[in-house]
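These notes are about the structure you will find just below.
The values are calculated or read from the model by the stated rules, or taken from the named source; none is laboratory data. Computed from a predicted model, the values in this text were never measured in an experiment. Every residue, glycine as well, gets a Cβ built from its backbone with ideal geometry; the counts of neighbours run over all protein chains shown. When the accessible area is computed, the model is the full protein with side chains, heavy atoms only, and any ligands, DNA or RNA have been set aside. Shrake-Rupley method; radii C 1.70, N 1.55, O 1.52, S 1.80 Å.
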Amino acid sequence: MHHRLLICLCIITFSSKISAAEDLLRSVAQVRITGYEVEFKNPWQRGSGSTSYGSAVLINGDRLITNAHVIAEALRIEVKRGDSDRWYQATIDKVGDASDLALLVVADNSFYKSSKPVTLGKNIPVGSDVMVVGFPVGGDSMSITGGILSRTEVTRYAYSGISNLTYQLDAAINSGNSGGPVFHKGKLIAISTQTLSRADNIGYAIPVPVINQFLTDVMDGTADGVPILPFHQETIFNATQRDFYGMGSRSGVRVTQSAGPVDKRCLADGDIIVSVDGFPIGPDGLIRTGTVGSVPIDYLASRKQVGDSLTFEVVANDATRRVSCELTWTWHDIFAVTPVTYNYRPVWMQIGGVVLIELTDEVFEFLHAEDITLGSGVADTEVQLQPDTAQNPSRHLFVVNVLQHDLNEGYDVTGLLLNRINGKAVHNIKHLQELLNGNDSPWVELGFNNDDSIVFKATDLPALDNQLTQEYDF
């Protein structure tokens, strides 16, 4: 009797595993991308084509969710379910660059026949078993690997450069897994995204709180992004400092640099914050939550939607006040170096053969990959906040190339930042063009961040620009 029961249980267990695997084949898809590479030195050109692969998983609403970095440079997107050999053309529905997430849709309804959308789970504790599914390199069929959730913390996303909540897994995540699902007890709890170089079996996934923030964001048809705190802050460690600021026994952070017009800032430089939305700030500058442990205060903003509010408790001279701040800012709004964006196209122009490009995270990645030495002060621009974005958002203009001509001979300014024209500050490419069009001087002097300058005769530029346009096919 006991042997028969054991045999029956084995058959039931084996049958359930087969059923679960079949469901995964109907839920998980391979993604094939035909893309391009950006030519940063010659930004008017599109680089050579390329083919890459990733993974995706079907969720409610006939949508596939994947990583934004999987489809970032796509010219054509195709998807193939795990239980099929047929490729279907897909299109991009929504992209969340900051979250490194994207939604795809397939116009051909036969793709969805007998499909099995997955159910989103909840945040899980460290030590939980997880299952990573996708189409990594090393084969053509779907791969399933097991592991555990090793750590939950705020980590820098490799694609966007923005810090957000991540799961660290000890399950293998390889090239091709990106965008694929991570399951716990049959429910989607994360999307595979990146690995730690020079380490074995350390992978990272985007957890369900970040997925939910993204899905809620795009419900109205627009991807507003992930709100951030519009200021930098420093942790107050020293007891004497706490006495000086009238904090008593409480710990907190000090606002050091705010973005936006002064009259519209809800917090000012020098304000001391001791709690956010009721979460006390610890001596290490972190807040402690019951679900994700110790995290920076920025985490509370990242869980919200643009337009929501956070309440800050500010202390001064042993007195406290509560300040409610509307979260209207995202990374694209306030940083002089814009983060990575889907379908990135360089914003550029040239003056007398000096090729200028608005500095972005993509440009920084190119410079590092090419081992190009950055000019003085360039590297520090990544974290600079803009004082006022209302009229002319500040975008650093980087000299990426100088197209050789007799009129710019000896002008070795590659790698510098342009910051003025005829003594006037330059905010961005559009503003530069406006200043150039309105120039009434016989000279055009370009000034750079190392205090060097170069000069052209204003009357020489139209003919020179026309010649270069024809020669380089702008």
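Near Asn439: Cβ cut-off under 11 Å, other residues only, Lys/Arg at +1 and Asp/Glu at -1. The net charge is -2.
Note down the net charge around Asp473, summing +1 for each Lys or Arg and -1 for each Asp or Glu among other residues with Cβ under 14 Å from its Cβ. Mind dumping the intermediate values first?
On the way: positive: Arg46; negative: Glu39, Asp465, Glu471.
Net of charged neighbours comes to -2.
Straight-line cross-link reach from Lys185 at under 21 Å between alpha-carbon atoms covers these lysines, not counting any fewer than eight positions away in the same chain: Lys17, Lys116, Lys122. Summarised in one figure, the compactness ratio Rg/Rh of the range 91-134, Cα atoms and Kirkwood Rh, is 1.06.
Under a 1.4 angstrom probe, counting protein chains only, how are Leu416, Leu432, Leu407, Leu286 ranked by accessible area, largest first?
Values: Leu416 20, Leu432 0, Leu407 70, Leu286 45 Å².
The ordering from most to least exposed comes out as Leu407, Leu286, Leu416, Leu432.
Contact order for the chain, expressed relative to its length and based on alpha carbon pairs under 8 Å spaced 6+ residues apart, stands at 11 percent. Restricting the range 224-268 to chymotrypsin sites (Phe, Trp or Tyr not before Pro) that sit in a DSSP loop and have at most 16 other Cβ atoms within 10 Å of their own Cβ leaves Phe237. Amide H contacts of Ile287 (H built 1.01 Å from N, in plane; Pro and chain starts excluded): Gly282, Val295, Ile297 sit under 5 Å, all sequence-distant by 5 or more or on other chains.
Stretching the chain fully between Gln89 and Ile148 yields a gain of 17.8 nm (0.36 nm per residue, less the alpha carbon separation).
Across the range 394-427, the residues whose backbone nitrogen lies under 18 Å from the label position 7 Å along the beta-carbon direction of Gln470 are 404-407. Classified by the C-alpha gyration tensor, the range 126-175 has an oblate form. Its axis ratio a/c, with a ≥ b ≥ c, is 1.5 or above, and a/b does not exceed b/c. Would you kindly give the portion of the calculated P(r) for the chain that falls above 30 Å, as a percent of all Cα pairs? Counting pairs separated by more than 30 Å, the tail of P(r) holds 56 percent.
Could you tell me which helices of the chain pass both thresholds, a Cα extent of 24 Å or more along their own axis and a mean Kyte-Doolittle hydropathy of at least 0.0, with helices taken as whole DSSP H runs?
Within the chain the helices that satisfy the rule are 2-27.
In the assembled protein chains, Ile454 presents an accessible area of approximately 10 Å² (probe radius 1.4 Å).
Cross-linked pairs Lys41/Lys430; Lys94/Lys430; Lys264/Lys304; Lys41/Lys304; Lys41/Lys264; Lys80/Lys304: Cα-Cα separations exceed 29 Å for Lys41/Lys304; Lys41/Lys264; Lys80/Lys304.
Both radii were evaluated on the Cα set of the range 76-210; the Rg over Rh quotient, with Rh as the Kirkwood radius, amounts to 0.96.
Could you give P(r) for the range 182-306, binned at 5 Å from zero, as whole percent values over all Cα-Cα pairs? Using 5 Å bins, I get a P(r) of 2, 9, 14, 16, 16, 15, 12, 8, 5, 2, 0 for the range 182-306. Of all lysines in the structure, those lying under 22 Å Cα to Cα from Lys424, and not within fewer than 8 positions of it along the same chain, are Lys457.
Pairwise alpha-carbon distances in the range 252-337 exceed 22 Å for 25% of all pairs. In whole Å, how far is the Cα centre of the range 309-371 from that of the range 35-82? Between the Cα centres of the range 309-371 and the range 35-82 lies a distance of 24 Å. The residues packed around Val105, meaning those with a beta-carbon under 9 Å from its beta-carbon, carry a net charge of -1 if Lys and Arg are +1 and Asp and Glu are -1. Can you list the aspartates and glutamates whose alpha carbon sits under 19 Å from that of Lys187, skipping same-chain ones fewer than 8 residues off? Once the sequence-local aspartates and glutamates are set aside, what remains near Lys187 is Glu22, Asp23, Asp62, Asp129, Asp170.
Take every Cα pair under 8 Å whose residues are at least 6 apart in sequence, average their separation, divide by the length of the range 105-197, and the relative contact order is 29 percent. Amide H neighbours of Asn428 under 5 Å, counting only residues 5+ apart in sequence or on other chains, H built in-plane at 1.01 Å? Excluding prolines and chain starts, which carry no amide H, the hits are Arg395. The alpha carbons of the range 47-154 occupy a box of 40, 37, 30 Å along the principal axes, longest dimension given first.
Go through the range 36-72 and name the trypsin sites (Lys or Arg not before Pro) that are in a DSSP coil and have 16 or fewer other Cβ atoms within 10 Å of their Cβ. Walk me through the numbers before you get to the answer.
Numbers: sites: Lys41, Arg46, Arg63; in loops: Lys41.
Here the trypsin sites (Lys or Arg not before Pro) that fit, given the DSSP loop and packing criteria, are Lys41.
Longest segment of the chain with no GluC sites (Glu not before Pro) in a DSSP loop having at most 12 other Cβ atoms within 10 Å?
Values: sites that count: Glu370, Glu409.
With GluC sites (Glu not before Pro) excluded where exposed in loops, the chain gives 1-369 as its longest stretch.
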